[in-house]
Each structure stands twice: as C-alpha cells, then as structure tokens.
1. Rank-order 116-128, 315-327 by packing density, defined as the average count of other C-beta atoms within 10 Å over each peptide's residues, highest first.
2. Let me know the shape class of the chain, please: from the alpha-carbon gyration tensor, a ≥ b ≥ c as square roots of the eigenvalues, rounded when a/c is under 1.5, otherwise prolate if a/b is greater than b/c, or oblate.
3. What nm distance separates the two modelled labels at residue 38 and residue 85, each placed 7 Å from Cα along Cα→Cβ?
4. Could you pull out every whole DSSP H run in the chain that spans at least 20 Å of Cα extent along its own axis and averages -0.5 or higher on the Kyte-Doolittle scale?
5. Using a Förster radius of 56 Å, what is the FRET efficiency between residue 205 and residue 378 based on their Cβ-Cβ separation? Nearest 0.05, please.
6. Which net charge results for the neighbourhood of residue 297, defined as the other residues with beta-carbon distances under 14 angstrom from its beta-carbon, given Lys and Arg at +1 and Asp and Glu at -1?
7. Grab the other residues whose beta carbon is less than 13 angstrom from that of residue 33, score K and R as +1, D and E as -1, and report the net.
8. Please list 80, 58, 150 from largest to smallest accessible area, probe radius 1.4 Å, with all protein chains kept in place.
Amino acid sequence: MKIAILGADINNFNLGCQALTWSLLHILENIRTENSLEFEYFIFEANPDSNKTNELIRELELNPKALHAVHLGCITDPLRAIKYAKRNQKVFHLLKQCDIAFDVTRGDSFSDLYGTHVFNTFAYYKLYLERCKVPLVLVPQTYGPFLKNRNQEIAAQIFKNANDIFARDKISADEVKSLSGKDAVITTDMAFQLPYSSKDRAHEKIKVGINISGLLASTTKDEYNQNLSLNQKYVEFIKKLLEYLTDIDQYEIYLIPHVTNDVEAINQFGREFPSACQIEYIDNPVKIKNVIADMDIFIGSRMHATIAALSSGVVTIPLAYSRKFKGVFELLDYYYTIDLNNELDEMLITIKQDIDHFETLKIDVLKAKNLIGKYNAKTNTAIKDIILKYYND
C-alpha cells in the first residue's frame, strides 16, 4: 500500500510538527507489523533533508527503501508555480499513485488564522487528492477558526469530501459539524504516542522545566505577532515566575526550547537568571521528550512541549495563548492550563499554588494518562480499520 502523508514534516524548525510526523509513523508501523502488511510512505514536505530523514528511519527502525521524502513545489503563487512546474508535476503524479492519504496540516494549520496563503497551501493539496479520488483521512488536528467566508466554503468542501475526519478536541469537531454536517471522531493529539525513555525521577531537588516561547517573548510586531500587549505581559509573567522559583532552594530550574526561535528568548532570560540551566536546542522530538520526561514539573508555552510532558507523567502546567490548548487538555479532564489572556496577578497566584502543591496534581496526571491510553487505542483501532478497508482495493 502506498501511503501519502501531508502536513507532517520530517525537517521542521518546530519540534511539535516533527513530533506529529514521528507519532503518525509510529502508529502506522505498529499497524503494519501487527497485521503483516506492506507499506510504502511518501512524505510530502517543504524542505526535505536527507540527514533528518535518515535519523527518523534509524530511530523508528523503518525500512529505508519504504520511506520517501518528497519535495513539495509551489501551487499557490502563479509565477513560482511556473518556476517549480517539474517539481509540481512530480508531486501530483506521486499523489495520484497513492492508495490513501493521511493529512496532519501541522496540527493547527487547517485555519486561516495564520493568513490565507498558509490556508491555501494546505487546502489545495487536499482538494487535489479529493479530485483524484484518493481516500483522504484528516487525522487528529485542530480545525478553524476560519475567518473569511471564502475559506469557510473551501473548508466545508474538504470536510464533505474527506473519507474520514478526526478532531483532537470538541471545539474542532463542532467546527466540522457546523460547516459540513459531518461528525468527526473526537480523540486526542497523536503526539501523546511519541515514544520516550521513562525515568524514575529520584531527584534531590524538584526539577522544574520551563519552555519559553520565542514567539510570545518577542516584542516586535510582524505578521505572526500582532498582540504585543499579550507579549509584554508574557515576558513580565515569565520574569516574575523565575524570580519566585530561583529564590527557593528546593527548585532546580531548566529552560527548555521546543522551537528554534525559543533559543534567543531562553538566552535572554538565562543571562538574567544565571542559576537556571539552559538546555541546548535538540533537533529531535524523541530526544527532547526524554529531557522533558526527566522533570518533576513542566511549564510550557509550546503545546507539543506540554503534550510531551503530560504523556510522560510529568506534572504539567500549560500556558495557553490560543484555544487549542483548552480543547486538548480539557478532553483529558486536566484543568491546569493557564490562559495568558488573564490578568498578570491572577496568573501568578494560580501558578504558584499549582507549583507549591504539585504532589496533589500528580493524581490528575495519572487520571489524564489513563484517558490518553483510551483515546490512543481509539485512534489506532480506527486508523487500522480504515487501512484494512482500502488495503486490498
């Protein structure tokens, strides 16, 4: 079976995007081996890198002849489409040859929140697959918001024509229902299944990992950074949090990047708080999850960093800048997400209480892990059934 994988990069500056790719392949490989199937993967991405591809193949123990990283062209800009005509032709030819397509849309990019260009880039390939009658499976992700009517109409068409739709939260499932009338399977994020090495966490001091978002710590306004008041409050919040933690001897602080532009922000705070240990950027989602899994408490602004923490049994306090956090964690009955839109003093009081009583939070972490296991089984069974349906067609 030839499997197309889209919106899931092997080479990406965001470890959350990489985590989704690795997790999907981990799921598919388990299905393949348990059912004695033969798969050939075609991963369509913007910037393939042979070293990154080989690293993934090696660590997930894949057959190197059965995985192909395919360089996407450009189909949204007419001039660039002409420039990359041969590459586009190859992409379309390979897509048409596939028996099934799994589309991740980088987890949260099936939306026009990041601009119409980003929406178009991901949407057009979905439309092409549907036109070619290649079964399209939208694996667990966030859907919406769709701010423009034109984009709502395109999303509705994609939902109506997709063979199967999984949503990673109820809000997204409601979005699918309102636009298409279809019911999405509600489950959780695939990155909860990312492998890692478990730790016993027998530490002399309480290890507190903090992921600082370079995007939120930036005070420069650009197309990705429109809410500077939120950013200024975020910087102040992190500063006061570090002042509190570094003043208490029982805490050992680790600043952990999860996207390349987190590094600069971590360096800045590291200079101000030299007792905090700065972890170097590790361009491997499993290896960074192993680092996170060794923490006792993890506070994170990148959602997939917090997913890595909770799925490895770490007391986790997500710092939410968008609705996607709320949907993913409340689905697991885990209610410790701090909304960065709240007042600064309110956020500080809440997080200090949660940190001081982190032993109590462990009970809810265990409950969430139990739910994660159930949702993972639901996802994997559903994907297996879909594959078996099309395998011999």
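1. On the way: 116-128: 18.2, 315-327: 21.8.
Those peptides, ordered most packed to least, come out 315-327, 116-128.
2. On the way: a/c = 1.73, a/b = 1.54, b/c = 1.12.
In terms of gyration-tensor shape, prolate.
3. Taking the two extended label points, one gets 3.7 nm.
4. Working: long enough: 15-34 (28 Å, 0.35); 116-131 (21 Å, -0.29); 228-246 (27 Å, 0.04); 358-391 (47 Å, -0.14).
For the chain, where a helix must reach 20 Å along its axis and average at least -0.5, the hits are 15-34, 116-131, 228-246, 358-391.
5. So, using R0 = 56 Å, E works out to roughly 0.90.
6. Working: positive: 199, 201, 205, 207, 352, 362; negative: 252, 294, 296, 354, 356, 359, 364.
After counting each charged neighbour, the total is -1.
7. Counting the neighbours of residue 33, the net charge comes to -2.
8. 58, 80, 150
The values are calculated or read from the model by the stated rules, or taken from the named source; none is laboratory data. Since the model is a prediction, treat every value here as computed from it, not as a measurement. When we count neighbours, we look across all protein chains shown, and the Cβ atoms used for this are built from the backbone with ideal geometry, even at glycine. With ligands, DNA and RNA removed, areas are computed over all heavy atoms of the protein, side chains included. Shrake-Rupley method; radii C 1.70, N 1.55, O 1.52, S 1.80 Å.
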